[in-house]
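The values are calculated or read from the model by the stated rules, or taken from the named source; none is laboratory data. Every value quoted in this text rests on a predicted model; they were computed, and no experiment measured them. Methodologically, a virtual Cβ is constructed for each residue, glycine included, from the backbone with ideal geometry; neighbour enumeration extends over all protein chains shown.
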Amino acid sequence: MPNFYGLYILFAREVWRFLKVSIQTILTPVITVLLYLLIFSSVISSSREMLPGVNYLTFLVPGLMVMAMLQNAFANSSSSLFQARMNGNVIFILLAPISDFEFYLAFVGAAVARGLLVGIGVWLASCYFAVVPLSHPLFALLLVFFCCGSLGALGLVSAIIADKWDHISAFQNFVIVPFSFLSGVFFSISDLPTFWQRASHFNPFFYLVDGFRFTCLGVSEVSVLTSICVGAVFFVLSSFWALCLLRRGYNLRS
């Protein structure tokens with residue numbers, strides 16, 4: 001039988017863990033995004049249109065929201081599980097009557113919660129620079145779930161595979177951050193040379209950013225249904241990888 005109480009306790013523990021240091025986990029990412037907005041609003045004219053009828057700052061805000069959610073969802077699950085491995089207290093979770101799937105749900109659920117809180121914080125703080133509406137809230141929630149869920153699952157993968165903190169940092173600095181910056185957060189891919197335009201279509205983060213931008217502004221560079229499909233496939237593959245490692249007990253039971 002599913003252990004719903006155990007799942008709830010582990011999920012609540014993970015949420016309480018990042019809320020206890022909310023200045024670092026929630027406020028700091030919001031301030032970082034505000035610095036981006038402050039710099040770009042000073043350097044680039046807000047009257048410049050990136051998409052039809054969309055000025056630069058309005059174009060920028062949804063992308064920054066997704067980038068912040070991606071990075072913080074990954075950081076939450078990866079740092080929590082790896083710290084538990086290094087301290088040796090992951091054994092207490094493994095000895096509890098909790099299945100691999102419940103283990104996965106608790107950690108990824110907490111990653112989604114942190115990503116969502118950061119996204120809401122960025123959205124509220126950015127209202128000083130540009131008021132961004134939410135034209136399609138249901139599609140927005142679906143893409144936020146795929147966005148944070150996928151990176152939460154990849155955070156578990158990196159925490160299981162890594163042998164030291166440098167490996168976590170390398171995964172974040174050489175995979176998550178570059179893919180985030182090259183996903184069309186700061187620019188329209190139509191402005192890129194032909195090669196990089198084609199390369200961008202192999203970046204799943206691009207579809208998450210572009211799809212979420214559509215849910216806010218009603219305009220996008222690819223179909224929102226395509227973005228949702230790619231986001232769903234990315235989420236399923238990331239989750240499958242994480243669940244396979246959890247079931248094998250790779251680097252957890254050794």
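Points to keep in mind about this one:
- Check on Ala242, at pLDDT 95 or above and over 19 Å from Ser158 (Cα atoms): no
- The lone criterion from (1) buried (at least 21 other Cβ atoms within 10 Å of the Cβ); (2) charged (D, E, K, R); (3) free of Cβ contacts under 8 Å to residues at least 12 places away in the same chain left unmet by Arg198 is number (1).
- Note on region 15-68: residues that are part of a helix (DSSP H, G or I), without any contact (Cβ under 8 Å) to a residue 60 or more places away in the chain and touching a strand residue (DSSP E or B) at 6+ places or on another chain (Cβ under 8 Å) amount to 1.
- Some residue of region 190-200 being outside any helix (DSSP H, G or I) and closer than 21 Å to Gly53 by Cβ: no
- Lone unmet requirement of (1) more than 18 Å from the chain's Cα centre (by Cα); (2) modelled with pLDDT of 75 or more; (3) surrounded by 14 or more Cβ atoms within 10 Å (Cβ to Cβ) for Val33: (1)
- Residue among Leu154, Leu143 that alone is more than 14 Å from Cys216 (Cβ to Cβ), in a helix (DSSP H, G or I) and in contact (Cβ under 8 Å) with a residue 60 or more places away in the chain: Leu154
- Selected residue [surrounded by fewer than 19 Cβ atoms within 10 Å (Cβ to Cβ), assigned to a helix (DSSP H, G or I) and modelled with pLDDT of 95 or more] from Leu94, Leu116: Leu116
- Qualifying positions in region 213-251 - charged (D, E, K, R) and surrounded by fewer than 19 Cβ atoms within 10 Å (Cβ to Cβ): Arg247, Arg248
- Annotation for region 56-68: at least one member residue is β-branched (Val, Ile, Thr), more than 30 Å from Ala162 (Cα to Cα) and crowded, with 19+ Cβ neighbours inside 10 Å.
- All positions within region 157-188 that are part of a helix (DSSP H, G or I), surrounded by 15 or more Cβ atoms within 10 Å (Cβ to Cβ) and of a type in the set (Gly, Ala, Ser): Ser158, Ala159, Ser180
- Positions within region 121-140 being surrounded by fewer than 16 Cβ atoms within 10 Å (Cβ to Cβ), assigned to a loop (DSSP other than H, G, I, E, B) and among the aliphatic types (A, V, I, L, M), in sequence order: Val131, Leu134
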